[in-house]
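In what follows, a single structure is set out as structure tokens and then discussed.
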Amino acid sequence: KYETQVEENRVNVEILRVSVVDLDEPGSPGSGAVYEIIRGNDDQTFEITTDRNTNEGILCVVRGLDYESAKQRVLVISVNNEAPYALAPHSQQVSQSTSTVTVHVLDADEGPVFNPCVLRIDVKECEEIGTSIGRYVAEDPETGNSEGISYRIPPGQCNWISIDERSGEVRTIKVLDRDVGEMRRGQCNITVLAVDRNGKTGTGTIQVCIHPGNKNYPRITKTDFIMCRDRKPICLTAQDGDESPYSTPFVYRITNRDMASMWKITRHNDNSVYLVPKDDIQYGVYDIPISVTDNGGKVGENQVRVNVCDCLTPSECNGRSRELAGGNVTLGIWGILAMILGSLLLLLILITICGCCGAGAMQRHVTDDCANHNLIISNTEAPGEEVMDHNIIPLQSTCDQGGGYGVKTGDQQTFEMVKGRGHTLESVKGGGHQTLGSVKEGGGQTMMDTCRYSYSEWHNFTHPRLGEKVHLCRQDEEQKHSEDYLLSYNYEGKGSLAGSVGCCSDQHEEEALDFLDQLEPKFRTLAETCIKR
């Protein structure tokens, strides 16, 4: 049995030598001793080797012992030869020799000990200066507390944090940003010293790791837009320099109540929205305050300017639209020109209307003066087409006249047929057609021989015949109504108060032919010549 002692925390020191006796030849493999700790060294704190010169076993401490944990250790050591035993036949097995060693641990004044030895602290980017990020303290192994221990950080290390001398509280001394200098690595190991009252020191390590934080405000990349007549939605896109989860999705909101009543925002994707007017708004420039909130709750204020312009493409506008500022609308150069041109156009229309009214009044005055029993000049549109229809019975001439003109003889108005290629009306006989001779009522003298008829006789004969021909002209070959033959024309204006002088007009005064006595000399000469013939 052996007993020995060693101070705590001492390492690589010899604490005991164990000797053996072997009757074999010294220096031979049969006498060389091999030592082994077979019990009490589970934590591999001790180690034993053989001294080749003395054949002794040397017991050493390779890991420091802790008095507070165990005040003594008990070891069992065994010994064997280098060569195996050679036993005679029928001899007894040789027993293994062992020895017990008791190691007493002596208490020593130790320095403070940090627990854990390495402390990892995770810090978000852009934390404010002086932010507390943790606490790192050491204890005195003899007392088990931290009383009387002070802390400090040796110089020459990354200057990111500070530690309180008494409490061991760790705080930031600058804004930690992964985009700046040595912080790009995102990690730094800082050695911390703990000193007790006796000047004993202990060391520990703080590992500071910078994690991405919500350091940036979301902002809209483009804030000036031009909206033309098509009112195409405006796409607003925001950016945030932070990483997930402090970036997208963004939340957009119009912060001004008046603008929110005129404009609305619809979602496009996580970082974009569409801005469109709610109703038809006036042309002008609108400054719309929009807030953008990132996923970390950081709010960025943005001012979006939309120029609502009367244009087809944004290039046509060039900032020339009316400005909307403080609720007052100011006109641009194009707006002023449009007002001037509109005023000139209105003035031109008024002048034209006044001129037309004056001309109409003058023409009515001339018409009233000239319409009394005078001929009204009428333009001829086109010659008529020759109609060949079996329903129209040709007129056979019983007189030598084919045309006619009217003259006034005495108190009776008559028409005398002028010789030509036409047919007289009294030649229409039979077939249910009425002749002019049959139209004359009783008591009057028959004018079949002289070919003279009154205006009423002429009208009574031609009116039904004209209606029949018009009815036939409104039908096609299949006796169906057709619009291709006779079309109605639009109203062209009020006619003259003098009425029509046509021979087929429905006049209320049958004998109103006094104007024939006031014809020009040329017409009277022609009439006299025809009468003589």
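The values are calculated or read from the model by the stated rules, or taken from the named source; none is laboratory data. Being a predicted model, the structure only gives us computed values, none of them experimental. Counting neighbours? That spans all protein chains shown, and the Cβs are built from the backbone with ideal geometry, glycine included. Surface areas here come from the heavy atoms of the whole protein model, side chains and all, with no ligands, DNA or RNA. Shrake-Rupley method; radii C 1.70, N 1.55, O 1.52, S 1.80 Å.
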Inset, instruction - Assess whether Met183 counts as being at pLDDT below 90, under 30 Å from Gly241 (Cβ atoms), among the aliphatic types (A, V, I, L, M) and touching a Cys at 6+ places or on another chain (Cβ under 9 Å). - result: yes
Scanning the range 220-229 for residues that are in contact (Cβ under 8 Å) with a residue 60 or more places away in the chain and exposed (fewer than 15 other Cβ atoms within 10 Å of the Cβ) gives Asp224, Arg229
By residue number, the members of the range 174-183 that are part of a loop (DSSP other than H, G, I, E, B) and either touching a residue at least 12 places away in the same chain (Cβ under 8 Å) or buried (at least 16 other Cβ atoms within 10 Å of the Cβ) (or both) are Lys174, Val175, Leu176, Asp177, Arg178
Across (1) without any contact (Cβ under 8 Å) to a residue 60 or more places away in the chain; (2) closer than 21 Å to Arg229 by Cβ; (3) among the polar types (S, T, N, Q); (4) surrounded by 17 or more Cβ atoms within 10 Å (Cβ to Cβ), Gln282 clears everything bar (4)
Exactly one of Arg229, Arg257, Arg253, Arg197 is basic (Lys, Arg) and in the same structural domain as Glu139 (by the TED database), and that residue is Arg197
Across (1) of a type outside the set (Gly, Ala, Ser); (2) within 26 Å of Leu337 (Cβ to Cβ); (3) part of a strand (DSSP E or B), Asp310 clears everything bar (3)
Ile254 meets each of (1) touching a helix residue (DSSP H, G or I) at 6+ places or on another chain (Cβ under 7 Å); (2) touching a residue at least 60 places away in the same chain (Cβ under 8 Å) with one exception, condition (2)
Exactly one of Gln44, Gln93 is touching a Leu at 6+ places or on another chain (Cβ under 8 Å) and surrounded by fewer than 13 Cβ atoms within 10 Å (Cβ to Cβ), and that residue is Gln93
If we keep only residues of the range 150-162 that are small (Gly, Ala, Ser) and over 30 Å from Leu65 (Cα atoms), then the residue least open to solvent (accessible area, probe 1.4 Å) is Ser162
_For the structure I just gave you, tell me whether Arg171 is within 30 Å of Val299 (Cβ to Cβ), in contact (Cβ under 8 Å) with a residue 40 or more places away in the chain, in a strand (DSSP E or B) and open to solvent by 30 Å² or more (accessible area, probe 1.4 Å)._
yes
Going through the range 71-86 in order, the residues found to be open to solvent by less than 40 Å² (accessible area, probe 1.4 Å), of a type outside the set (Val, Ile, Thr) and under 12 Å from Leu59 (Cβ atoms) are Leu75
Scanning the range 184-206 for residues that are of a type in the set (D, E, K, R) and within 17 Å of Glu139 (Cα to Cα), the one surrounded by the fewest Cβ atoms within 10 Å (Cβ to Cβ) turns out to be Arg197
The residue that is least open to solvent (accessible area, probe 1.4 Å), considering only those in the range 290-305 that are closer than 11 Å to Thr223 by Cβ and not hydrophobic (A, V, I, L, M, F, W, C), is Asn302
The residue from Glu142, Glu147, Glu127, Glu165 that alone is buried (at least 18 other Cβ atoms within 10 Å of the Cβ) and assigned to a loop (DSSP other than H, G, I, E, B) is Glu127
With criteria (1) within 17 Å of Ala83 (Cα to Cα); (2) surrounded by 12 or more Cβ atoms within 10 Å (Cβ to Cβ); (3) among the hydrophobic types (A, V, I, L, M, F, W, C), Val21 comes up short on (2)
